[in-house]
Each structure stands twice: as structure tokens, then as C-alpha cells.
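> Before anything else, here's the structure in question.
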Amino acid sequence: MINNTFLDKIAQVLIEKYSDKLVNTIVVLPNKRAKIFLIEALKKQVVNNILAPEIISIEDFIQDIAGVRSIDPIELLFEFYEVYLSVTDKSSQQSFELFANWAKTLLQDFNEIDRYLLDPTHVLSYLKDIEDIKKWGIEVENKTPLLEKYIDFWKLLPLYYQSFYTHLLQKGIGYQGLIYREAVGNLNHFSNTITEKQFVFAGFNALNASEEKIIQHLISLDKAKIFWDADKTFLNDPYHDAGLFLRRFKESWKHYKTNPFEWIVDDFSQSKNIQIIGTPKSIGQAKISGSIIEEIIELNPTTTLDKVAIVLGEENLLVPLLYSLPATVGALNITMGYSGKNNPAQILIAKLFKMHTNALSRKSGSYVLYYKDVLDVLTHPLVEPYAKAGDLVNVINKNNYTFISHQKVTELNQNPSDLFLLLFRKWEEGSIAVLQIISKLLVTIKNNLSNDNEEEKITKAFVFAIFKVINKLINYYSKHQHIDKIETLHAIYKQIIDLAEVSFEGEPLNGLQIMGVLESRVLDFDTVIVTSMNEGKFPAGKSQNSFIPYDVKRELGLPTFKEKDAIYTYHFYHLLQRAKNIYLLYNTESEGLDAGEKSRFITQLEVEKQHNHNLSHEIFNAVLPETAYTPMVIEKSPAVMERLKVIAQEGFSPSALTSYIRNPIQFYFQKILRIREVEEVEENIALNTLGTIIHETLRVLYEPFIGKFISEADIDNCFKLIDAEVLKQFKIVYKEGEIKKGRNLLAFEVAKRNVFNFLKVELECIKSGDAIKIIALEKTFERTLIHPDLPFPVLIKGNVDRIEERNGIIRIIDYKTGKVEKANVGLKIWNGLTQEIKNDKIIQVLAYAFMYEQEANGKPIEAGIISFKNLKSGFLPFQFKEDKDVQQIINPEIMTNYLEQIVLLLKEILDEAIPFEEKI
């Protein structure tokens, strides 16, 4: 049985009406892709072997007539720059990066002028006249040099066009419009060379003036026939944009005054199941597309999906879609252009440019790399698995390298891979050398990727697309070596990457088809999924990337957004024309980068609903749980209990106890699972780092006085050592971090000021008669807590900042770099001490008192805090306030009450029946 797809019908016509002259028949289709499908359609309808007709795309056909080779947009831009330099006065010449900004738009206008066979001098002079009229109100004496240059630019447009046109023709190359114009000029000569040939044009919709002229000329000579894929629903409706062009051709072509319009079908009005699905954001559309495919496979496990197409209204959706497809999708064919901007390989090259150009632009003279640039490159997915630079990343993070010399990078990575060497080779030998490094780098990356993995095959296509761009740049630079700044190369690269597209190769006749809108031309599918059905995406909107104003285009007969909308409309309705199951997906969000209102095409389908169409509209939202978040609860397994026993033997620190009070889950992660925070470069000094530096500086300054009383002379001597010691501690703690600039320099000065102020307070105390004897500095103490309520003895162990004897009283001091007030270390009732985190400082200082109690030999003990942000308050001791009685000395009663509370806390921690429960 013959299907009724458009290509099946064309195949039928070829066999029935052209069977005796198939060898001399040339079938011209809108694109190359349709050729494979037409050959397949022919194959289905023949029994014996036949010689297939020649099948070519309209582009190739026009090139054959013109005898001019088409070149890609990148090469075209470079050729145009060459012409621009040759005809522009040297004082007015722009650099390539400035030139490219306007040249890309101008080339599009040249293309349109030529495709529609307009007089270029007339059109471009028209633009100059418009600009002149705009500036009429300005007196001659008020015209600035900038304005004069601006008007001169418009005057030069006809010269640019003519010089460029001639230059390209001499080389036998051209852009699409030039080829079309030359083809029309060469039409009579071509007609004389095709005596035996017959042409069949099939599946066209919008034709430019050149195509119309060529096709009509061949039809008038009885050398060609054209078959339209026209549906009567659109053709007979005078306002429906899907039939705009076909109505025009039917009315205006001389051929149709005496001949029938072939063919008019009635497919769109047939039975169709159309599901309109709205979902927030693009990623939702990718997920739903994957779900629809999964559903199709479940309903028919043997299906090959070759009659199913996913048409992406927005190319950025390709990668999320590939990750959303079910694993059961076997064969897959991607036919669409994917922008170079979003290409993973391009993103790596952009990061590489950033790293090396930043290194070159630094005024230090040496090749110094910024750590973020280095890590960005080394952690890129195309690099990280193969560069073998994990140790280097760890060293940079651990040693706080903010800026790292090129020499240091190579020294730190002892056994560098080839990939690593290419990434970090210096960019000091000019642009061609840089491009050759990048080219080798891309080859190395390609060789690292496997052919067995579908995902890596797609990544290879991404890499190859950028490789082609880089090789074109090498070719260009070898001819134009005067443009040799790396900054210029970077600017040129950014300009041309917009023009580079990734092309995917696959098996078009087998498996699920993923394509762009234009790639769907002439093809018919049973099931169609269309994404990004939002205004501005599908249809694309009214963006006018042209120097020619709208009213001028209307007057000259150039296509405006009205015609571009009609092209989109035809493609959309053609997708639906013979499909039986249609899914139209759109983004429900009205704000954001990928947002926009629902496409007018959806509204049109709903308003003009056909009798046989089953239309449904659904909104899919992510399933939200009834509770936003359920706190984590972790039961105490035997392994957890074993670990708690080990901690009890090795020692619970006061900070471990307070971390449990703050959040039991935090305690679980840090103490039970022993998960540490990931080391990262600390670009600006964090408060805890600053605290460590101040602690260590005070330890070193006071160490000589352990076991003796401090004199005024001792403190005076310490003042002299502050600068050198703080700097030394900075280098120990902050390692290779930058400390002489910006915030870090301020932090350095803050550390010095804190130590200075501390010594100043100490000196005033000694002058006022305090006898201060240093007993211990930054020393670890421990003491076992045995209690009948605890399942086993628990060691309390911690590091005390400073213990001194002051006027006969033992004083235990904990330094805090943050602000602590007197109220933070005062207590009125013991009940609930370990329930609230606000008591953490009390729990800490009393734990130090408990650990040191036996070594105090009966001397009175007080414990408290010195806050560097509240030095004017001096030592802030723990105080227990009961009625009007204030206890500062830690007597046995205070210690007993404190331990009772600590036992309650430890009992909870060590109770197998009480799980770790997250506090939120």
C-alpha cells in the first residue's frame, strides 16, 4: 500500500509519468535532506531495478546554473574585510572586530537585494538619501567629524557592494544572493545546454524573485513541472498565512492562467489528536518530550520511532532533550544547526582565551594566571577526566594560590598529560601559534572521546565544529599576518563563533527524528512533538536585522517580517498537515529569559478548530510536596554507636558539644561520618582565618613568658615584634594568598591593630598593679567524666587559648575575634543550659575549667572570654547570678550543676534510642 505522504506522491508521479526518461529527470527539492526520503519512497514503489533520477537541492541547482561556488559566512566576512580595506581611506579604516559588527548585517542586505534582483545602486543610494534627509536640519558648520564620517559610510555602500561583487566573481565564489543573480543572468545559456533534461520542482512554498524567474522560465520552455504541497484549508482562506505565497503564485504566474495548480489536498481537516501542553521553563518541555516518547514506546515496544519527530522551536533545548530521552530510544537522528555559542567545546576555548589574555595583560611582566581562570579550565567536563591535574587543583585550593605564575603551575604538576601541556602552553608567539595550539588541543580532546558512547559521539560533533572554525582562522591568519594581537584574535573569534553551527550526522531513515523547524520541510510524520510554542520563539518575532527600513522593503518588494511570519506559519501547519498525533509544548512562565506568551499558532488552532480535530489543553506543573522540607532523621545504628564510643575514648571537645546543640545532623556529618568541608581558595580572608592568625601571633609573642610574671618591658618588646609576627603568621595560615592588596591588606591591618590593642590593655593592667603569670598557651587539656547516668566514661578534651594566674586567681581565657557581650557569659538558671545555642560560650569556658580544675591545686578559678571586637570591656568572666548574689569564681557547686547539664546532653548523644534529628 502506498502512503499518502507528499514524497510518496512525488515518487508515484516519477514512476508513472517519467519512467521512460528517469535518467534525464532532475528532481529539485527545498533541501538536501529530503533527497534520502524521496529515494526511500521510490524504493518502496518499484519492483525491478531502476536508475534513480538525479535529486538535488535548490541551492545546488542554482549553483550549477550560475557556475559559482558558495562559501560559508566566516570566509565571506574575511573576503569582505579584504575588499573593505582596499576601497576605504586608510584614516577611516576600522579594525576587524568593529567592522564585523556592521558587516554581518550589511551582507544580509546585499544577499536580499540580489535574491530579489533589485538594482543595488538604487537601493543603497536610497539608504544614503534617507540618512541625508534625517540630517537636513543640521547646519553645515554644526556637522561634527563623526557625523561626516557617518554620512560618508552610507555614501560608500554602493562602492562596497560593487567592489565586493566583482572581487567574489573573479574568484568564482559567492554568497547565496550573488549566485542567484548570476544564475538568472545565465538562464538563457543554461536553457540551451539542457535539451534532453526534464526538471521536477517539488515541495516549495516561499520563493524569492530569482527562484520564481528561473522556475517560470523552465516551465514556459516545457522543461519543468512544479508540484506544490498545498492544503485547501489554507489555500482557500484569503487571510491564512500558511497559504500566502501559494495564493500569490496561483494568481500571478502566467502558467496558471491556462494550467491547473498541482496539487491541492485536503489533509489538514482530517482526524487529528492535538494535545497542547503548557509547563514552566524550557527544561520542563524537554522532560515532557521525553515522557511522551517513553509512552509511545510502552504502547508499542516494537516501534522504530522513524515516524516520530521532535521539532525544536529553540535550538538551546537540544542538550536538555537528549538527557531527557528514555534509554529505550535506540536509533536517533539529529538534523539541525546548533549554535556555536552554546557549544561545550566553544565554552572551553572561551575560558582558555580568558585565562591566557588575562595573564598577558597583567602589568607584572611575568606570565601570571588567576586561580579562578585556571580552575575553570581544569574543571571543564572536556578536560577534568583526562588532564590528570586533580593534584594541582588540590594544591591550589590548599595553599590558597590567588595568582599563580606559569612556571609554578608547570612545577606543581609533575607528570603532565599532553592535554595539560597544550592547555598551559604560553601564548607568546603570535596568533597563528595560538590557533595551532587550540587546534592540537581539540584533536587531543576528540581522541579522548569514545565512539561507542552516544553522548560522547555528540560531544565529538561539538568539538569538530569548533575545530573547523579554528582551522579556518589559521587559514585566514596565514594570509593576513598584520592582524597579530591576541586581543584582536579573541575579538575576531567571538565575532565568528556566532556564525559557526554544529552539524550532526545520523541515519535519517531510522529512529527518532530530532530537527529544527526548517529541517522539517517536505517531510511528513505520524507523530509530531513541537517545543517552544511561545511568541518570539515560534514564530520568531519581528526582529529586523537589516539596514533597510520596513517601509522601503515594502516599496521595493523585499520580504518583511510579514513574509517571514508566513514562512513560519506554512512550516508549522505543514508539520500538522498529515500528522495524526500532535503535541504542542510551550512555556507557561511570563517572565524570564526563555519566557513569553503562548504562540498565536496555538490560539489560531483553538479559534479555527476543525470539526475532526480532537483538541485538549493541559498545564503540567512540577509536583510540590505538601511540606516544603522534612527534617532529616538518622537512627543510631550499631556502627554509629561504635563510633560514639571511639569519640568518648578519644575525647569530646566543647565545640563538638555545641555543634550538637546547634544541629545534631551537623554533629553527625562532622563527627560520626567525618565529612570535612571541601577546600577552596580563600580569595578574601575569612573571619576564622583572621582569628587563627591573631591566636597564633599572640601565642608566639607570649611563649617566652610561660611560667613567669610579665613585666612592662616584656610588653614593650612585644609591640616591636607585632608587624613581623603577623606577617609571618599570615604566610603560614594564608599560604600563597595575596595579602598586599585590597580587602586582604585591610584584614592584615585589622590583625595588627587587634594584637596592638590587646597588648595595650595588658600593659595598662600591669601598670595598674596586676601580677600576671602565664601558665599555658594554646595547650590541650583533658579530663574523664564518670557518671552513673552515662553508659561509659567520657573524655572531655579541648584546646585552651590561654591560662594565667592573675593576682592569685587562675584565669582561663578563650579568645574570640567576633563581638561578645557580658550578657553572653552570664547565667541565671541551670535548667536548659544545653538546650539553646546562645549558651555555647558558657558551655565552652566551663568545660575548660572542668578540664583544668585538678591542676589548679585548689586555687580559685575563673573562666571567660576576651573579645577583640569588645576589648574595652576587657576580660568577660562567666558569672552565675542568683537573686542579688553574683558568683564569678567557679566553686564546686557551680561545677556540679554544670556537669549535671553536660551529663544530660551526653546522655542524649549516647542514647541509642534517640536519633539524630535535624534542626531547621
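> Of all the residues that make up the stretch 423-434, how many are of a type in the set (A, V, I, L, M, F, W, C) and either in a loop (DSSP other than H, G, I, E, B) or surrounded by fewer than 21 Cβ atoms within 10 Å (Cβ to Cβ) (or both)?
4
> Scanning the stretch 817-831 for residues that are within 50 Å of the chain's Cα centre (by Cα) and touching a residue at least 60 places away in the same chain (Cβ under 8 Å), which turns out surrounded by the most Cβ atoms within 10 Å (Cβ to Cβ)?
T817
> Same structure, new question: Would you confirm, using the coordinates I've provided, whether Y660 is touching a residue at least 40 places away in the same chain (Cβ under 8 Å), of a type in the set (S, T, Y) and in the same structural domain as F850 (by TED's automatic domain parsing)?
yes
> Could you check, for the stretch 329-340, whether at least one of its residues is assigned to a helix (DSSP H, G or I), buried (at least 16 other Cβ atoms within 10 Å of the Cβ) and either in contact (Cβ under 8 Å) with a residue 24 or more places away in the chain or over 19 Å from the mean Cα position of the chain (by Cα) (or both)?
yes
> Do we find that K446 is at pLDDT below 90, part of a helix (DSSP H, G or I) and of a type outside the set (G, A, S) in this structure?
In short, no.
> Could you check the stretch 599-645 and list, in sequence order, the residues that are of a type in the set (D, E, K, R), under 30 Å from L576 (Cβ atoms) and surrounded by 13 or more Cβ atoms within 10 Å (Cβ to Cβ)?
R600, E606
> For the stretch 525-560, which positions are of a type in the set (D, E, K, R) and touching a strand residue (DSSP E or B) at 6+ places or on another chain (Cβ under 9 Å)?
Hits for the stretch 525-560 are D526, E535, K537.
> Residues being at pLDDT 85 or above, surrounded by 19 or more Cβ atoms within 10 Å (Cβ to Cβ) and under 30 Å from I36 (Cα atoms): count how many of those fall in the stretch 489-517.
5
> Scan the stretch 45-68 and give yes if some residue there is buried (at least 19 other Cβ atoms within 10 Å of the Cβ), among the β-branched types (V, I, T) and touching a Gly at 6+ places or on another chain (Cβ under 9 Å), otherwise no.
Yes, the stretch 45-68 contains a residue that is buried (at least 19 other Cβ atoms within 10 Å of the Cβ), among the β-branched types (V, I, T) and touching a Gly at 6+ places or on another chain (Cβ under 9 Å).
> Which of the residues that make up the stretch 661-688 are among the aliphatic types (A, V, I, L, M), modelled with pLDDT of 75 or more and under 30 Å from the mean Cα position of the chain (by Cα)?
I675
> Which condition number does E384 fail, the rest of (1) surrounded by fewer than 14 Cβ atoms within 10 Å (Cβ to Cβ); (2) over 21 Å from I470 (Cα atoms) being met?
Just one mismatch for E384, condition (1).
> Considering each of I396, I404, I466 in turn, give the residue that is touching a strand residue (DSSP E or B) at 6+ places or on another chain (Cβ under 9 Å) and outside any helix (DSSP H, G or I).
Of I396, I404, I466, the one residue that is touching a strand residue (DSSP E or B) at 6+ places or on another chain (Cβ under 9 Å) and outside any helix (DSSP H, G or I) is I404.
> Give just the number: which of (1) modelled with pLDDT of 95 or more; (2) out of contact with any helix residue (DSSP H, G or I) (no Cβ under 9 Å at 6 or more places or on another chain) does Y583 not satisfy?
(2)
> Within the group F96, F110, which residue is farther than 30 Å from F190 by Cβ and either surrounded by fewer than 19 Cβ atoms within 10 Å (Cβ to Cβ) or not assigned by TED's automatic domain parsing to the domain that holds K494 (or both)?
Only one candidate passes the filter, namely F96.
> Another one. Name the residue that is nearest to the chain's Cα centre (by Cα), counting only residues in the stretch 522-536 that are surrounded by fewer than 22 Cβ atoms within 10 Å (Cβ to Cβ) and either not acidic (D, E) or not in a loop (DSSP other than H, G, I, E, B) (or both).
So, considering only residues that are surrounded by fewer than 22 Cβ atoms within 10 Å (Cβ to Cβ) and either not acidic (D, E) or not in a loop (DSSP other than H, G, I, E, B) (or both), the one nearest to the chain's Cα centre (by Cα) is G536.
> Quick check, is L118 outside the structural domain of L558 (by TED's automatic domain parsing), assigned to a helix (DSSP H, G or I) and of a type in the set (A, V, I, L, M)?
Against the criterion (outside the structural domain of L558 (by TED's automatic domain parsing), assigned to a helix (DSSP H, G or I) and of a type in the set (A, V, I, L, M)), L118 does not qualify.
> May I ask you to say which residue of V463, V443 is hydrophobic (A, V, I, L, M, F, W, C) and crowded, with 22+ Cβ neighbours inside 10 Å?
From the options V463, V443, the qualifying one is V463.
> Assuming P344 fulfils every condition listed in (1) in contact with a Leu (Cβ under 8 Å, 6 or more places away or on another chain); (2) crowded, with 20+ Cβ neighbours inside 10 Å apart from one, which condition is it?
(2)
> Which pairs turn up if I take residues in the stretch 902-920 that are in contact (Cβ under 8 Å) with a residue 40 or more places away in the chain and look for partners that are outside any loop (DSSP other than H, G, I, E, B) and of a type in the set (D, E, K, R) with beta carbon separation below 8 Å, at least 6 apart in sequence or on another chain?
I914/E908; K919/R662
> Consider V755 carefully, then state whether it is assigned by TED's automatic domain parsing to the domain that holds E778, under 47 Å from the mean Cα position of the chain (by Cα), closer than 30 Å to S405 by Cα and β-branched (V, I, T).
no
> Another question, if that's okay. Is there a residue in the stretch 79-88 that is among the aliphatic types (A, V, I, L, M), touching a strand residue (DSSP E or B) at 6+ places or on another chain (Cβ under 8 Å) and on the phi < 0 side of the Ramachandran plot?
So far as the stretch 79-88 goes, no, none of its residues is among the aliphatic types (A, V, I, L, M), touching a strand residue (DSSP E or B) at 6+ places or on another chain (Cβ under 8 Å) and on the phi < 0 side of the Ramachandran plot.
> Restricting to the stretch 112-146, what's the tally of residues that are of a type outside the set (D, E, K, R) and at pLDDT 75 or above?
14
> For P416, work out the one condition from (1) in a helix (DSSP H, G or I); (2) over 22 Å from A350 (Cβ atoms); (3) touching a residue at least 24 places away in the same chain (Cβ under 8 Å) it doesn't fulfil.
The one condition P416 does not meet is (1).
> Just for the stretch 316-328: of the residues that are more than 14 Å from the chain's Cα centre (by Cα) and outside any loop (DSSP other than H, G, I, E, B), which one is surrounded by the most Cβ atoms within 10 Å (Cβ to Cβ)?
Per the criteria, the residue is L321.
> Also, I was wondering about something else. Can E626 be described as more than 30 Å from I909 (Cα to Cα), acidic (D, E), part of a helix (DSSP H, G or I) and not assigned by TED's automatic domain parsing to the domain that holds V800?
Here the answer is no, as E626 does not meet what is asked.
> Also: All but one of (1) outside any helix (DSSP H, G or I); (2) without any contact (Cβ under 8 Å) to a residue 40 or more places away in the chain; (3) surrounded by 12 or more Cβ atoms within 10 Å (Cβ to Cβ) hold for K773; which doesn't?
Failed condition: (2).
> Name the pairs whose Cβ atoms lie under 7 Å apart, with the first residue in the stretch 881-901 and part of a helix (DSSP H, G or I), the second of a type in the set (D, E), and 6 or more positions between them or separate chains?
Once the first residue is part of a helix (DSSP H, G or I) and sits in the stretch 881-901, its partners that are of a type in the set (D, E) give M895/E853.
> Suppose the filter is of a type in the set (G, A, S) and surrounded by fewer than 20 Cβ atoms within 10 Å (Cβ to Cβ); does S252 pass it?
Judged against the criteria, S252 is a match.
> Moving on to the next point. Out of all the residues in the stretch 853-887, which are modelled with pLDDT under 90 and touching an Asp or Glu at 6+ places or on another chain (Cβ under 6 Å)?
Listed by number, the list is empty, since nothing qualifies.
The values are calculated or read from the model by the stated rules, or taken from the named source; none is laboratory data. Everything numeric in this text was worked out from a predicted model, so none of it was measured. Every residue, glycine among them, receives a Cβ derived from its backbone with ideal geometry; neighbour counts consider all protein chains shown.
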